[in-house]
Every structure is written in structure tokens, then in C-alpha cells.
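What follows is one structure encoded as C-alpha cells, with my remarks underneath.
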Amino acid sequence: MDERLSMTQMKSLFIIPLLLMQSSASVVMSFGSQNASSEFVLRGDYTVGGLFSLHASGAVLTLEDTSVIESCSSLHVNPAGYLNLQVMRFAVEEINNSSRLLPNITLGYEILDTCYIYNNIQPALAFMSRDYVFDTEANYTNYIPKVISVIGPDNSDSAETTADLFNLLLIPQINIFATSKRLSDLSLPSCFQTIASSKTQQGAIIDILTFFNWTWIAVLGSSDEYGHHGIQSLIKLASDEDICVAYQGTIPIKIPGKEKEWNNSILQIVHNVTAVNVNVIVVLSVDIVVLDFFRQVLDTNLQGKVWIATETWSLSTVIYNLPNIQRLGVVLGIAAKYVDIPGIEEYLSDAYNQTKGNSLNPDMKDCNQDCQTCLNSTESSSFSFSEDRVSFSIYAAVYAVAHALHIVLGCNDTYCNKIDVYPWQITDAFGQVNFSLLGNLINFDQYGDSPTGYDIVTWNWLGKTNFENGGSYPELGNLVINPDKIKWQTANNQVPSSVCSPECRSGQEKRQTGNYNCCFICVNCSAGQYLNENGICMECSQHQWSTEGSTFCYAKIRVFLTWHDTLTIAIFTITILGMLLTVVVIVTFIVHLKSPVVKAAGGKRCFLMLPALATAYLSILAYLGEPDTMKCILRLPFYSLALTICFSYISIRSFQIVCIFKMSSKLPATYDYWVKRNGQYVFFIILCSTQVLISCVWVSVNPPTESTKDLTSDTVLVSCSQFTSTYNILQYSYNAFLSLMCFTFAYMGKEVPKNYNEAKCITFTMLIYFVICIFFFTAQLIDVGEYVNPINAGLALASLLGITGGYFMPKCYIIFLRPQRNTTKYFQSTIQSYTKRGTGSTKF
């Protein structure tokens, strides 16, 4: 393999293990006297090693002299470890009894007791040796140790220790219970797992917390590598999911002779957990540490909580059977996936009956294969639900070794080549292993992890079974859980809460208090704000509104002259009537074009003004409906331009009458220029061009468009922008100037023949416009609210009606109702009367 260490590195790294082996030679050498009839040893063509904790706790350790190696028999028997031994035996014998996987090959085993973490170096060195001798000068490429592979140890600390040793020779170590992150490291290419990785377990815990919205938790871990690494990894993952760890603590190992210090440490943990007021506690610890911890906790007030157990103790019957254990509250556990192994129960029963009357290695009481009291300790627990789960990991591990050996030996259905097998060959073959076992796919990725998952179990205090499945976690990020299967010990079986602060209601922003983002106060978003998807109060846009505590904004009601509004109908009707009147005037003037009244009004020149007046009426319709840029241009610059044409014509017409009757004799040169040089047209173009220039600049530079103004929190007035802009004021001022000219010239001609005297009509028309201007600027200064559009439309319409009614209607009145005055004779008579009075009597 590419990752394998060089042989020189291996030799240099074996100096320390060699010294350790020499210091314990008496113990290791005792393995040699083991006979084939032992439960611990089965001779075969190839041997698989097994490392299990047959003894685990309760040792009276000699702390004063750390160089003394403790005897495993001084520790209490671990029933789970003894069951693991039997499952490995079952798997090996099942393979040997089958001729399909390893035909003509007998697989052997040798099993040693690691005594939890107290004695794992000696068994590892024994498996690495050959004939109980380790040659530091050997070529390890062709080195054949005692075993081709090792299954176990069954805890993370021991597994990490032995993995470093076995990796020197690339002896495959298959971890069946240890879930340390380091065991999946690429620096350990000979390390494999048939249990789900620690990463998967950590993900399951986080997903459970997230599923139940438990964001305020405590995390406890044992004082070993499993606990330390587990706490660090879980805290990082929790932080990424906005889960706050209110307290993290380390559970010390109980050491005889230091009970008082241990008790004080546990009481301090209990005090700290109680102080932070959490309801969910995650415990990342091996079972023997949790066992002592709970014995103490049950005498305190730390009860009625939700405990989340890792796979190391989630199915511990020893802990489950503690007196009054149900006071703890609810226990949710991550457990190895359950797989029913056919024939295992019968095998365990037969093994128990066969060995019950026989002494287990009576001459080996001081070595790693002594378990005289195992039968008594396992009689009631060998067939428990919990151990069946771990059993499949062991069962799969043995089969994985057999499949790897099958590859190395080049086996077919009937024959395998019996050749020397080196451990690195088995390690290489593990990368090719891919088979199905009892419906489960077994293979290994580049990190040595296999695609297995976890079950979510709950401790059942009242049912027939101690542990019940409440869900599953087949792969990372895929949590399946049924809360109804969990007895929460709450009113109506409600899921208990574990939060620092209650979740904010809809429309409330979280404002952190203290150092934890899970602790906060809830503040309503103000009116005009909304709570966005990130939980932050944001201002609504200009055209939206919201009430206090909103999660979204409403579109403001847009107020304008809608087509179904009463005012709209009224303005539309009057506008159409005004247009019709203008059309009537146009038709009348066309029909009576040669009549004296029409000639006196300007004749054909009237048609310069009348189309502009009709167009101005059309611009009033732009006030109806929702404004846009085109409507705003029609409302403001276009309307003002049309009005300028009307005022320009009236002012020039008024001046021309004065010029004819009063200036012809006193200013003959001016009169001659006005008449012969078409002065009326020149001045008309000049007057209109000024307004055209203003309009073009306005529309080009910054045209009026839709604008809004808030009326209330939920309504907005839609009108045209720049109604009070400089350009609009200039246009209004210019039209006011023209209207003042009209008024002035009309006043000057008040004594001309009455048929030509338009002073009254023009004065009435201009007075209407002056009043409208006053109303217009007043409406801009005061807040008229939603009536600004109808007021502006009404004022503009009134201006046009003033021109139509004040200037043209008197002429139509004479044409239709006083035809006797619309004769040449009548007009000549009025001129003669004016002449008799003497043109000179009128002072200019």
C-alpha cells in the first residue's frame, strides 16, 4: 500500500514496544501453554486475533507504584466482553463449517482480555510477535506475525493505542465498538470499522437535538480520549447549528482511595448542570464511567431530565438495572443497528451449557485468558437485546477478514491456495471487500469506514423490553424518528423543552442577551418593518406597509382617480362636454367663416387656437387612471403648452384690435409694420416658442413621472412628480404673464366698437384663470390629501371651460340667437357710431 511505512521506520518505532514486551515477558510467555480446547484459542491455518474487555471495572489499583501491572482478575467481570468473545467464536466456526467462503481452509482464533484500558499493550505485542519472539532486524515486508488480523478492542482508548502498534506492521484492526474520530484517520491505513463512524454518531446527536428544538444543553464526557474528542467535536457541530452548550464537564474515573475527591467532582458537575437550567444532557462516555456517575447522580436532585446516550452505554443493562434508575427521566440512545443473526442464541446457549461444568483455564489465573467467573456473570445477560446489536459488528468483522483472506488466497468455490499471508496483503484486500451479509452491505471506504448506520433507542421503564426502537439513522443527515414511541414523562406526553429563551412569536426579532446566542429577548418589529428570513427586522419598501410584529409587508393602497370613482366620472363627463363644445365652436366657425362675428374674432386665425383648446381638453383625461410618464407629460408640460397657444392668440388678437382702432392714426409706422409684415404671426410664434422651449427642456432633462406620497400607513397617493418643480412654476408663471397681457390689451380696447370690444369676455376669462392660479398654489401649500388629483384636474378643466365659455360662447350666442347682429350693416353702424364720437376722444 502507498500509505505503508518504510521498513526502516518500522524498525526504529519498535524499540519502545520491544522494551515493553520484555518488561512483561512472564505474562506473554504464558500464552504459549494455551491448549486448543480453550474458549480463547482455536488452532487453524490462519489465526484471527480478538481483543475484548472481559474485565472492566472495580479494580483496587496500586497507584503508589505505577510500574506494577495489574492482574485482570482483580477487575470485575464485563458480561458484554464475554459475549463478544462467544460471538467471534460463533462466526469463525460458522465460516469453518461452510465450504463456500474458505474451502479447504481452517480459520483459527486467539482471544485476549484487554481489561478495559489497563492491559492492552501486552496482548497487542503478543499478536505482533512470532513464536513469542520479536526480531527488530527482520524484514517486515515478509514478516508473518501470530495473527493475520485483529478484531477489537471494544473501547476507543484501547483501540487508539493498539491501532498505532498494529499499523507499524499493517496488521488490519477491525473496530467493532470504538468510534473515535482518529480511528478513521488516513494515517492509520490498517484501521477499519464495522460500526458507524464517530462522525455519523455526532451527526445523529445533532440531528436529534435539532429535531426536538433542544438548543440549550449540557455535554458531559469521560476523562479519556473518547470523552475529550467527543465533547470537542460535538460543541463545534452544535455551534454550527445554533445549539448552545450551556455547560461542558468531564466525568472523572472513580479510583479506590480517592472516593471523596471523586464525589466532590460529581457533585460539582450536578451543581453546574442544575445552575444552567438545562433539560437535555448529552453524555459521551464509556459505560463503566457512566455506571459510577449515575449511582451518584441518583442521590441528587438532578432528575427528570432527557439524557442522550452514545453507543457506548445506550444499551447497557447494568446501568438500566440500577435501583431507581427511572428517576433520571428519559434516555434516548444512539445504538448500533440491530441485525438478527440466525443461530446465535442457540450457539450461546450450547456454549454456556458445555462450559458450565468445566473450569476455564484453572492454571491461567494471572494471564489475559482467565475468566473463571464469566459464566456466573453472564448467565442472565448473554441473550439480552443490547448485546445482539454489538454482536453483528463482530460477526461482520470476522466475515470481512474471511473475505479479505479469500481474495489473498485466490479462492474459488472449491479450493484456496495455502500460502504464506502477510498482514499488509490482508490490509490491501480490505479495500476490495464488498459483500452482503444478512441483507447488509459490507465494504470499506478510504477511511476504513463501512456504510452502516445507527438505531435510535429509548429506555422503557414500564414495558416488557428494556430498550425500544424509536427511530433510525441510516446515514449522515437522514434522521427517522417517531416521537410518539417515546414516554416523555410529561403531561399529555408532550416533548419537553430545553431552551435558554422561549422561541419568539412570529414577527419578533431576537436580541441576544449575554454570551450565548440562544439567550435572547423578543422584540416586536415596529410598524413599517417586517421580520425577514434571517430573523432581522427590516424596513418595508417605500410602497409597502406593515403593522407591528409583521413577517411581511403589504402593498400600500394606491390612491388615484380610478375609473369607477364618482369624481372620475364627473371629471370625465365635464371634459367630454367641454370637448364637444369646442367641436361645436369649430364647426360653427367653419360654417360661418365669412360672417362678421367670425371675422371680428380673427377669422381663419381662430383655428390656431381652437385645436389647441380641444387638445388641452384631451390632456385632462390624463388625470384619470393610474399615472405614468406619458400621462404626466400630458398633464403638465403638454397642457401648459396648449394653454399658452390659447393665451398667445387672445393677447395678439386683443392687441391687433387696439392697434387697428387706436394706433393706426397715432403710430402709423407701427401699424404699417404690424399689418404688412404679419406681425401677429411673428409675435404668436415668439410667444409660443418660449413655452415650447421650456417644455422641451423639461421633458428632455427630467420629465415628470409617477410619484407617491404617503397619506396613511397603508395608503399612498399616486400623482405626478415635479408638480411644484421649477419647470412647472415657470410654465404657470409664463401663462400668467400672457393672461396679464390679454387683460391689459382687453382693457386698452374697452372703448372700441362693441362688436369688436372683447374686454368683458377676456376679462371674465382671465379672472377665472387668475382665481384658478390662486387655488392651484394654495392647494400645493396646504395638505389636501387624496383630493389633490381631482382638485388639479378640476382647476385645469375650469381654466379651459373659462376660455371656451368666456371667449367663444358669446360669439356663438350672437351667431345662433342674435343673427341680426351678425351682419355687415350692423357692424358698419357700430363703426360709424365710434367714428362720430371721434377716435381722438379715447386717450391711449
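The values are calculated or read from the model by the stated rules, or taken from the named source; none is laboratory data. This one's a predicted model, so the numbers in the text were calculated from it and none came from an experiment. Every residue, glycine as well, gets a Cβ built from its backbone with ideal geometry; the counts of neighbours run over all protein chains shown. These area figures cover heavy atoms from the full protein model, side chains too; ligands, DNA and RNA do not enter into them. Shrake-Rupley method; radii C 1.70, N 1.55, O 1.52, S 1.80 Å.
Quick one: putting +1 on the C-beta of Lys and Arg, -1 on the C-beta of Asp and Glu, what dipole do you get for region 503-550 around its Cα centre, in Debye to the nearest 20?
Computed charge dipole of region 503-550: roughly 120 debye.
Could you do me a favour and compute the accessible area per residue for region 406-565, 1.4 Å probe, result in Å²?
Normalised by residue count, the accessible surface of region 406-565 is 58 Å².
What distance in nm lies between label points placed 7 Å from Cα along the C-beta direction at residue 763 and residue 539?
In this crude spin-label approximation the distance works out to 5.6 nm.
Can you sort 488, 563, 461 by 1.4 Å-probe accessible area, starting with the largest?
In descending accessible area the options line up as 563, 461, 488.
Determine the sum of side-chain charges near residue 295: Lys and Arg each +1, Asp and Glu each -1, restricted to other residues whose C-beta is under 15 angstrom from that of residue 295.
Within the 15 Å Cβ shell, the charges total -2.
Over region 462-559, what is the mean sequence separation of C-alpha contacts under 8 Å (at least six apart), divided by residue count, expressed as relative contact order in percent?
This gives 17 percent for region 462-559.
Under the Karplus relation 6.51 cos²θ - 1.76 cosθ + 1.60, θ = phi - 60°, what is the ordered set of whole-Hz ³J(HN,Hα) values for region 198-205, x standing for Gly and Pro?
5, 4, 5, 5, 4, x, 5, 4
Excluding residue 334 itself, what net charge comes from residues whose Cβ is under 9 Å from its Cβ, given Lys and Arg +1 and Asp and Glu -1?
Residues near residue 334 contribute -2 overall.
Report the local net charge at residue 710: Lys and Arg +1, Asp and Glu -1, summed over other residues whose C-beta lies under 12 Å from its C-beta.
Working: positive: 556, 558, 709; negative: 714, 783, 786.
Summing Lys/Arg as +1 and Asp/Glu as -1 gives 0.
State the Cα centre-to-centre distance between region 489-525 and region 680-698 in whole Å.
About 71 Å separates the Cα centre of region 489-525 from the one of region 680-698.
In terms of solvent-accessible area of protein heavy atoms at a 1.4 angstrom probe, what is the ranking of 709, 760, highest value first?
Most to least solvent-accessible, the answer reads 760, 709.
Would you list 242, 45 from the most to the least accessible area, probe 1.4 Å?
From most exposed to least exposed: 242, 45.
Using the heavy atoms of the protein chains and a 1.4 angstrom probe, tell me the accessible area per residue for region 91-229 in square angstrom. Walk me through the intermediate numbers first.
Working: 3810 Å² over 139 residues.
That works out to 27 Å² per residue.
Leaving ligands, DNA and RNA out of it, report the carbon-plus-sulfur percent of the accessible area of region 132-272 at a 1.4 Å probe.
Percent of accessible area from carbon and sulfur atoms in region 132-272: 50.
How long is the gain from residue 487 to residue 682 if the chain were fully straight, where each residue apart is worth 0.36 nm and the alpha carbon distance is subtracted?
Computed gain between residue 487 and residue 682 is 60.1 nm.
Which loop GluC sites (Glu not before Pro) in region 512-592, with loop taken from DSSP, have no more than 16 other Cβ atoms within 10 angstrom of their Cβ?
In loop regions of region 512-592 (DSSP not H, G, I, E or B), the sparsely surrounded GluC sites (Glu not before Pro) are 533, 548.
Would you be so kind as to identify which of 330, 270, 319 lies farthest towards the positive end of the dipole of region 258-360, taking Lys and Arg as +1 and Asp and Glu as -1 on Cβ and the Cα centre as origin?
Of 330, 270, 319, it is 270.
Determine the per residue accessible area of region 755-806 with all protein chains present and a 1.4 angstrom probe, expressed in square angstrom.
Spelled out: the 1.4 Å probe surface of region 755-806, per residue, equals 43 Å².
Using θ = phi - 60° and the Karplus form 6.51 cos²θ - 1.76 cosθ + 1.60, what ³J(HN,Hα) does each residue of region 740-746 get, whole Hz, x for Gly and Pro?
Karplus values, whole Hz, x for Gly and Pro: 5, 4, 4, 5, 5, 5, 5.
Between residue 774 and residue 322, how many nm apart are label points set 7 Å from Cα along the C-beta direction?
With each label point 7 Å from Cα toward Cβ, the separation is 9.6 nm.
Mind ordering 90-100, 124-134, 256-266 by average Cβ neighbours within 10 Å, highest first? Can you show the working numbers first?
Details: 90-100: 16.9, 124-134: 18.6, 256-266: 13.7.
My ranking of the peptides, most packed first, is 124-134, 90-100, 256-266.
Using θ = phi - 60° and the Karplus curve 6.51 cos²θ - 1.76 cosθ + 1.60, what whole-Hz ³J(HN,Hα) does each residue of region 571-577 get, with Gly and Pro shown as x?
3J(HN,Hα) across region 571-577, in whole Hz: 5, 4, 5, 5, 4, 5, 4.
At R0 = 41 Å, how high is the FRET efficiency between residue 747 and residue 566 if r is their beta carbon distance? Nearest 0.05 is fine. Working shown, then result.
Working: r = 41 Å, r/R0 = 0.99.
Calculated value: 0.50.
Which order, highest average first, do 314-327, 580-593, 273-286 follow once you tally other Cβ atoms within 10 Å for each residue and take the mean per peptide?
Those peptides, ordered most packed to least, come out 273-286, 314-327, 580-593.
Taking the square root of 5 times each eigenvalue of the Cα gyration tensor, what semi-axes in Å does the equivalent ellipsoid of region 73-160 have, largest first?
24, 23, 10
Collect residues whose amide H, placed 1.01 Å from N in the peptide plane, falls under 5 Å from the amide H of residue 707; neighbours closer than 5 in sequence don't count.
Amide H neighbours of residue 707, under 5 Å, 5+ apart: 719, 720, 721.
Share of region 416-575's accessible area from carbon and sulfur, percent, 1.4 Å?
Carbon and sulfur: 51 percent of the exposed surface of region 416-575.
State the Cα centre-to-centre distance between region 307-351 and region 538-552 in whole Å.
That distance is 54 Å.
Under a point spin-label approximation (7 Å from Cα along Cα-to-Cβ), what is the residue 133-residue 475 distance to one decimal in nm?
5.2
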